[in-house]
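Everything below concerns the one structure shown next.
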Amino acid sequence: MKFDVKEIIGCYRKLIYKSIRRDREKQIIECLSCEKDAGFNIRKVEYRKTYQKIKKQYTEIRVHKLWSTRIGEYIVRYLRAVEDSEVNVKSGILDLFVLSDCVNHNTRLSKIMGRNIHIVDETNVDIWMYILTHFPKVELIKYWNTYSIKRNDRLRNSIDTAQYFKLTESEEGEGQYKKKLMELQREFVCALSRDATYLATILPALDCSYHDYRDSDINKTKRAADYLLKKGIPMVRMGRYVLHKANFNNCIDYANQYYDELMDIVLMRDCKFFIGDPNGLALLPMVMNRPVALKNWVPVFSNAESFPYNPHNLYIFKKYYLISENRFLTIKEMMQIDKKIKRGKYDGHLYEKYGIEVVENSEEEILDLVMEMNSRIDGEWIETAEEIELQEKYKTIYREWCRQQNYKESEIINFNIGIMFLKKNLFLLEDERR
């Protein structure tokens, strides 16, 4: 009998939260599989061998829920899961992860993750049902919600995280073949602009307009693409379910013409660097050890994601325009606005309440950022004493703010600020403008 994974997971959760019977763990295990045909008996020999192998290696199995509605949250939870699993295995503990209530952004990515952690899905639910039924010590409820919260509690280096996203020889061959079809046999840059279309498509029942202040227009990367063209470097516009087409030269509009789950991974891993807005997909090149240049960072001074460290990473941010006084705010003034926005759980509608217009980075600012990033990677960037001093002045103000907000080290942005952006907006470093 064909089973429905969603139905299984739904039954699993229902029993966890509503069952009060003493044998509820046995019931939960039984709900991991609906298959009752003879095929199960045929495979039982294989299941027994796997069971004996696991029993020999482990003394306890812990079952966890692994879920998210967005790819960035998914990756952060996955990193915590794989790191914890590596520690626990030394104590004879096997961590098992059930994809529950998970909007599966990319099935190829989940397959790669499944090589580093034990994931229950529609392909292996029966063998895990057999193992859990027979294993002497199984914790099904105690650790279920261990990864329900996206925690920014760990410092990571992108060199270390890259090991958890390796492809097989077959996947490498497929990826390189598809790159050849896209004529990407030389250096290229991946670009991304966030818009509301993706969330509106995958979560149509939810009103996500409170995120719209984070959006930007891909066509504002046109001047950057022109610069890269002179360097012989094509730009690849990433994404899925996007609002605007990339209407400029030297840009392969992958999101509208070539989208492919495997190529999301291959292109982000193989690009010279990534230029884009700080959203979930931007985390993918970071964890695969590619340099990223983030534009349109907002909220500017909120606590950050668990972004792995890479010495080349840069960022610039959206500026706050105070409508009543016809001026941009300084960094210290922006910090006070962000403090209010944080209390409002980052609802973008609050900017309007406080009389603030959130201003997207200009084409010139994005061009400066791309030029700086490309030059730094090529070893051609030479910082002046003035630029070093400005960078340190900005970091001092930023670090002091983080200290006052009691941010953990893992919640602090560890990128350099784009120095051309800072030099052209020196007013940002003032205490206040009048």
Could you grab me the full set of residues in region 70-101 that are at positive phi and at pLDDT 90 or above?
GLY92
Within the set of pairs 6+ apart or on separate chains, which have a first residue in region 42-60 that is open to solvent by 50 Å² or more (accessible area, probe 1.4 Å), a second that is in a loop (DSSP other than H, G, I, E, B), and C-beta atoms under 9 Å apart?
LYS55/PHE135; LYS55/PRO136; GLN57/GLY92; THR59/SER91; THR59/GLY92; THR59/PRO136; THR59/LYS137
Residue set VAL82, VAL76; condition open to solvent by less than 40 Å² (accessible area, probe 1.4 Å), farther than 18 Å from TYR58 by Cβ, touching a residue at least 40 places away in the same chain (Cβ under 8 Å) and in a helix (DSSP H, G or I); output residue VAL76
Just one of the numbered conditions (1) in contact with a Gly (Cβ under 8 Å, 6 or more places away or on another chain); (2) over 25 Å from ASN414 (Cα atoms) is not true of ILE75; which one?
(2)
Quickly run through region 230-248 and pick out the residues that are within 19 Å of LYS179 (Cα to Cα) and exposed (fewer than 15 other Cβ atoms within 10 Å of the Cβ).
GLY232
So is ASP226 under 19 Å from ASP378 (Cβ atoms) and acidic (Asp, Glu) or not?
yes
Criterion first (among the acidic types (Asp, Glu), modelled with pLDDT of 90 or more and either over 21 Å from the mean Cα position of the chain (by Cα) or surrounded by 13 or more Cβ atoms within 10 Å (Cβ to Cβ) (or both)) does GLU174 satisfy it?
yes
If you go through GLU380, GLU364, GLU389, GLU357, the only one that is modelled with pLDDT of 95 or more, part of a loop (DSSP other than H, G, I, E, B) and open to solvent by 30 Å² or more (accessible area, probe 1.4 Å) is GLU380
Selection within region 292-307 - of a type outside the set (Val, Ile, Thr) and either open to solvent by 10 Å² or more (accessible area, probe 1.4 Å) or touching a strand residue (DSSP E or B) at 6+ places or on another chain (Cβ under 6 Å) (or both):
ALA293, LEU294, LYS295, TRP297, PRO299, SER302, ASN303, GLU305, PHE307
I'm trying to understand the selection: among the residues of region 136-152, which are farther than 13 Å from LEU66 by Cα and at pLDDT 80 or above?
PRO136, LYS137, VAL138, GLU139, LEU140, ILE141, LYS142
How many residues, within region 318-333, are within 26 Å of the chain's Cα centre (by Cα) and free of Cβ contacts under 8 Å to residues at least 40 places away in the same chain?
1
Scan the helices (runs of 4 or more DSSP H) fully inside region 196-307 and keep the ones with 1 or more residues being under 28 Å from MET420 (Cα atoms) and not charged (D, E, K, R).
222-230, 261-270, 283-287
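The values are calculated or read from the model by the stated rules, or taken from the named source; none is laboratory data. Everything quoted here is computed from the prediction, not taken from an experiment. Here the Cβ is made from the backbone with ideal geometry for all residues, glycine too, and neighbour counts use every protein chain on show. The accessibility values were calculated without ligands, DNA or RNA, using every heavy atom of the protein model including side chains. Shrake-Rupley method; radii C 1.70, N 1.55, O 1.52, S 1.80 Å.
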